[in-house]
Amino acid sequence: MSRFTITLTTLTLLILSVSIHAQSLIPDEKWEFVADGFDFPEGPAWHDSGVLYLSNCNGGWITRISDDKVDTLAFATDATFKQTNGIIVSRSGDLFACEYGEGKIVKITPEGEVSTLIDGYEGKSFNRPNDIAFDEKGNLYFSDPKEYGKEDPKGRVFYYDFHNKKLKLVADGLDFPNGLGISPVTKKLYLSESGKHRVLEFEITKSGELKNKRVFIELPDGDPDGIEFDVE
């Protein structure tokens, strides 16, 4: 592993982690400055080539960081996207982003060409797509919060199957579903339910449905956001 890859791994952990303990898991001397000039950076996503992508939630661009430069993959325009949050990169290098400005999921090629993958559910735009993850089949899960509202939560999770181009609503009634991911060990989906200060766990069926929801951990003084897993 190169020194730069280690540095970017550290950056990814910094952006994604929600610290429960005051002491850092990584000693202070291991942190290195990589880049700045972002506008509310969110949703860091790796590609196997060693490139890191970041959304700029309050800005209109997606940043690309490699071992020799920091540049922009795509700029927002009226014809492409307004604001992006969570992103993920396929093995082929295509990037899929939660576009919460207009309520859709967009696809961005390695050359920066932008197209809409899904623009809504049952004839209506999504609320505010937030975070996105691949399953083992290469299909997509993404969270779709609305607002914090414990009395009448309207947050949802969707599943998109690339093979049959079918979109499924797999969870609803959630209080601001946020970051999500699938554990390489348990093969279950974990979801930050920020409005209720907790992380949920779901079993995944063969068809991509979510079942047997349970509370994985309560974080009464926290506001869980992004989720990521290491090899363990």
| query | Among the strands (runs of 3 or more DSSP E) confined wholly to region 120-232, which include 2 or more residues that are open to solvent by less than 20 Å² (accessible area, probe 1.4 Å)? | reply | 132-134, 140-144, 155-161, 166-174, 177-182, 189-193, 198-204
| task | State whether the residues of region 93-114 include one that is surrounded by fewer than 14 Cβ atoms within 10 Å (Cβ to Cβ) and more than 29 Å from Asp71 (Cβ to Cβ). | result | no
| task | Select from region 112-132 the residues that are in contact with a strand residue (DSSP E or B) (Cβ under 9 Å, 6 or more places away or on another chain), among the small types (Gly, Ala, Ser) and more than 18 Å from Ala76 (Cβ to Cβ) and list them in ascending order. | result | Gly120
| field | Filter result for Asp48 (touching a residue at least 12 places away in the same chain (Cβ under 8 Å), open to solvent by 80 Å² or more (accessible area, probe 1.4 Å) and more than 22 Å from Thr80 (Cβ to Cβ)) | value | yes
| said: Looking at region 21-54 only, could you name the residues that are within 16 Å of Gly93 (Cα to Cα) and either assigned to a loop (DSSP other than H, G, I, E, B) or touching a His at 6+ places or on another chain (Cβ under 6 Å) (or both)? | reply: His47, Asp48, Ser49, Gly50, Val51
| field | Number of positions in region 55-77 that are basic (Lys, Arg) and assigned to a loop (DSSP other than H, G, I, E, B) | value | 1
| query | Taking Thr63 and the conditions (1) farther than 18 Å from Gly101 by Cβ; (2) modelled with pLDDT of 90 or more; (3) β-branched (Val, Ile, Thr), which numbered condition does it fall short on, given that it satisfies the others? | reply | (1)
| task | Can you run down the residue pairs with Cβ atoms below 7 Å, 6 or more apart or on separate chains, where the first is in region 200-220 and farther than 12 Å from Tyr159 by Cβ and the partner is in a loop (DSSP other than H, G, I, E, B)? | result | Glu201/Lys188; Glu203/Lys188; Lys211/Thr205; Glu218/His197; Leu219/His197; Pro220/His197
| remark: Expected output for region 24-40 (first residue of a type outside the set (A, V, I, L, M), partner at pLDDT 85 or above and open to solvent by 60 Å² or more (accessible area, probe 1.4 Å), Cβ below 6 Å, 6+ apart or cross-chain) is Asp39/Asn58; Phe40/Asn58
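The values are calculated or read from the model by the stated rules, or taken from the named source; none is laboratory data. Owing to the predicted nature of the structure, the values given are computational and were not obtained by experimental measurement. All Cβ positions, glycine included, derive from the backbone under ideal geometry; neighbour counts span all protein chains shown. With ligands, DNA and RNA removed, areas are computed over all heavy atoms of the protein, side chains included. Shrake-Rupley method; radii C 1.70, N 1.55, O 1.52, S 1.80 Å.
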